[in-house]
1. Given a 1.4 angstrom probe, I'd like the percentage of the accessible area of the protein assembly as shown that is carbon and sulfur, rounded to a whole number.
2. Take the stretch A:1-41, compute every pairwise Cα distance, and split them into 10 Å bins from 0; I just need the percent in each bin.
3. Quick one: putting +1 on the C-beta of Lys and Arg, -1 on the C-beta of Asp and Glu, what dipole do you get for chain A around its Cα centre, in Debye to the nearest 20?
4. Relative to the longest principal axis of chain A, what angle (0 to 90°, nearest 10) does the C-alpha long axis of helix A:155-170 take?
5. Put the label 7 Å from Cα along Cα→Cβ for B:TRP53; what are its distances to the other copies, in nanometres, shortest first?
6. Could you list, bin by bin from short to long, the percent of Cα-Cα pairs of the protein assembly as shown in 10 Å steps?
7. Return the Rg/Rh value of the stretch A:1-74, two decimal places, where both radii are evaluated on C-alpha atoms and Rh is the Kirkwood radius.
8. 5 Å is the cut-off here: which amide hydrogens, built 1.01 Å from N in the peptide plane, fall below it relative to A:ILE100, excluding neighbours closer than 5 in sequence?
Number of protein chains: 2
Amino acid sequence: MIELRRIKHCRACGTPVGYKVPDDDNRERAVCPACGLIHYENPLNVVGTVPVWGEQVLLCRRAIEPRHGFWTLPAGFMELGETVEDGARRETVEEAGANIELQDLFTMISVVRVGQVHLFYRARMTDTTLDPGPETLEARLFHEHEVPWDQIAFRTVKETLQHYFACRRAGSYPLQCSSI
Amino acid sequence: MIELRRIKHCRACGTPVGYKVPDDDNRERAVCPACGLIHYENPLNVVGTVPVWGEQVLLCRRAIEPRHGFWTLPAGFMELGETVEDGARRETVEEAGANIELQDLFTMISVVRVGQVHLFYRARMTDTTLDPGPETLEARLFHEHEVPWDQIAFRTVKETLQHYFACRRAGSYPLQCSSI
Ligand SMILES: [Zn+2]
Ligand SMILES: [Zn+2]
């Protein structure tokens, strides 16, 4: 859930902030009574891939909370200094150590309750090398009938996988924009 | 430009932060020496529309800095509590007072230098009502040959408009993902 009013102190000067609607604004923000700084909080992007090898997709079993031990697609928070595509590639390397060619944007799902947007790209694995990082217990390839649907870590991952297998049957891969 | 190390104090307790790479991380973050809170900074989404009425597109002349007096598509920072699509619709209402039906995602441009992702949707205007808000000096419809190309506020707006007119000539509107 979005944690409201989690900013207690000004990031510039350390003074306790007050919450009010600034002039020419229509939302409550944390405003510093000493230096006047307005603190904005906005949704963040989580970026990742659907890595595909032939008929199989790559999933990673999480070594970290939340959802330790559950399966996910490689994904994580987009960082400053990178493009959306850079971030999706980086997470695939960090979490799975897979070699991929990034393809088109495939799902964009707004997760309103937590203030996130999840963006997944299709990716073609160029070989079956895997080298999971510290956030991953194991990484492996799954045929559709092997996917552990009741052990998928996040709803956006489940929806992205469902969309992927439906698209593969249909033979085309349109972008799905949705929200949960 | 991305302002580095702009967090000086902990948002939870006000203590001056130090910059270091946390365990199990590979980037420098602002870390509070008193309460241990790690402060992450990530790219933000700017969401907007290309509102279309027949052969014309809607542009707004900015009443605020940066780029006061220059022309833009309606767009602004995505807010907590909304979807990407909600945000694009909201900005179109706030800045232009236009009535629209949102169509497909049309451009997604990573603006790495400032830590932003700009997302524009095509939108069909349902009438020619306009009611510009306080951030807009004037809003008006432009045919392609009337667009003030040397007075466009932002490069992502210019690229989105160029992509729009090229797509209209071609008769199809694929998503363009790019970066600047
Ligand atoms: Zn302050
Ligand atoms: Zn602290």
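1. Working: 8140 of 16800 Å².
Using a 1.4 Å probe with all protein chains present, the protein assembly as shown comes out at 48 percent carbon and sulfur.
2. 34, 53, 13, 0
3. Numbers: 20 positive and 25 negative charges, 121 e Å.
Dipole about the Cα centre, nearest 20: 580 debye.
4. Value to nearest ten degrees: 40.
5. Ordered by distance, the counterparts are at 5.6 nm.
6. The distribution over the protein assembly as shown is 5, 22, 30, 25, 15, 4, 0, given as percents.
7. Rounded to two decimals, Rg/Rh equals 1.25.
8. A:THR126
The values are calculated or read from the model by the stated rules, or taken from the named source; none is laboratory data. On a predicted model such as this, the values are computed, not experimentally measured, just so you know. All Cβ positions, even for glycine, are placed from backbone atoms using ideal geometry, and neighbour counts span all protein chains on display. Just so you know, the surface numbers come from the protein's heavy atoms only, side chains and all, with ligands and any DNA or RNA stripped out. Shrake-Rupley method; radii C 1.70, N 1.55, O 1.52, S 1.80 Å.
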